[in-house]
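S.K.: Just dropping this structure here.
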Amino acid sequence: MRHRIAFAFAIAVLTPMLVCSEGEGGAEAGQIQTSTRGIEISSLPSQRVPGPSQTDGTYTARIVVATAVRRRPGGSAVKWVARTKTKWSGGGQKLMVLGSRQVGGESWLKVRLPIRPNRSAGWLPRNRVVLGHSPCFILIDLSQRRLRLYRAGRMANTWRVVVGAPPTPTPRGLFALYDRVPQADPHGFIGPWAVPLTAHSRQLRSFDGGPGLVALHGRDGASLLDPLGTAASHGCVRMSNGRIRAVAATSMGTAVRIQR
């Protein structure tokens, strides 16, 4: 978060550098469709869905019908409305699954929400989503200023990043990749891609016309003045343009744990 993200409302064709994207498909109810990129499950209502882990990756919920997210499973109080498209790019919306529960014979999923306060969560009916699985888990270590990408429990890659400066630190917690936004100027401050998280700055309620959203993004132009491995941003995590392309190819909803 330093210069405004130039949001483009169309998704560019991704490069072949697929890291942890899911296999999309029309699986019949109760079937599992597999591919080298991951799996997408259309129903299996009796199966317990675990939360994300470094070992097992992340389950995701792709919204197929606009759905009220409840404060508790089976409850009436609405916390948020999950629509089929994301706000920024207009791409399909996937939310990270934190767990599941059966209430009154109905299966509910607990999901991370992209709203304030950070770590907000709510419950939605399982029959309103397509359940998917990303084999990946991203760990960002603020003290080491490193991002580590795990795939199927093994560290697939690690690289240095720029994290938030002391007055505007990158928030800690368990978040998720929320959207992928190609930049109008791939050689601008942010580089070719911005990947917003379900995280917001605690210090900045708004920034440069935006809501203080924290993103992973590339670096070019003036941002190259801050070397990789430093703490210099307004809360976002910057990385080389080759790395952000790999992150943008990762399935949205994949878990991102930020820790010190």
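The values are calculated or read from the model by the stated rules, or taken from the named source; none is laboratory data. Owing to the predicted nature of the structure, the values given are computational and were not obtained by experimental measurement. Every residue, glycine as well, gets a Cβ built from its backbone with ideal geometry; the counts of neighbours run over all protein chains shown.
S.K.: Does segment 46-64 contain any residue that is among the β-branched types (Val, Ile, Thr), touching a Gly at 6+ places or on another chain (Cβ under 7 Å), modelled with pLDDT of 50 or more and in a loop (DSSP other than H, G, I, E, B)? Give the derivation first.
M.R.: In the first step, residues of segment 46-64 are kept if they are among the β-branched types (Val, Ile, Thr); the result is 49, 55, 58, 60, 63-64.
Restricting the remaining residues to those that are touching a Gly at 6+ places or on another chain (Cβ under 7 Å) gives 49, 55, 58, 60.
When the remaining residues are screened for being modelled with pLDDT of 50 or more, the result is 49, 55, 58, 60.
Subsequent filtering for residues that are in a loop (DSSP other than H, G, I, E, B) retains 49, 55.
Yes, because at least one residue in segment 46-64 is among the β-branched types (Val, Ile, Thr), touching a Gly at 6+ places or on another chain (Cβ under 7 Å), modelled with pLDDT of 50 or more and in a loop (DSSP other than H, G, I, E, B).
S.K.: Looking for something over 22 Å from ASP141 (Cβ atoms), free of Cβ contacts under 8 Å to residues at least 12 places away in the same chain and assigned by TED's automatic domain parsing to the domain that holds ALA165 - is there at least one such residue anywhere in segment 182-189? Break it down stepwise before answering.
M.R.: Residues of segment 182-189 that are over 22 Å from ASP141 (Cβ atoms), as a first pass: 182-189.
Now restrict to residues that are free of Cβ contacts under 8 Å to residues at least 12 places away in the same chain: none.
No; the residues of segment 182-189 include none that is over 22 Å from ASP141 (Cβ atoms), free of Cβ contacts under 8 Å to residues at least 12 places away in the same chain and assigned by TED's automatic domain parsing to the domain that holds ALA165.
S.K.: Quick one: count up the residues across segment 79-126 that are in a strand (DSSP E or B), basic (Lys, Arg) and either under 18 Å from the mean Cα position of the chain (by Cα) or within 18 Å of HIS200 (Cα to Cα) (or both).
M.R.: 5
Residue by residue, here is whether (1) basic (Lys, Arg); (2) surrounded by fewer than 16 Cβ atoms within 10 Å (Cβ to Cβ) holds:
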site	(1), (2)
LYS87	yes, yes
LYS110	yes, no
MET155	no, yes
THR158	no, yes
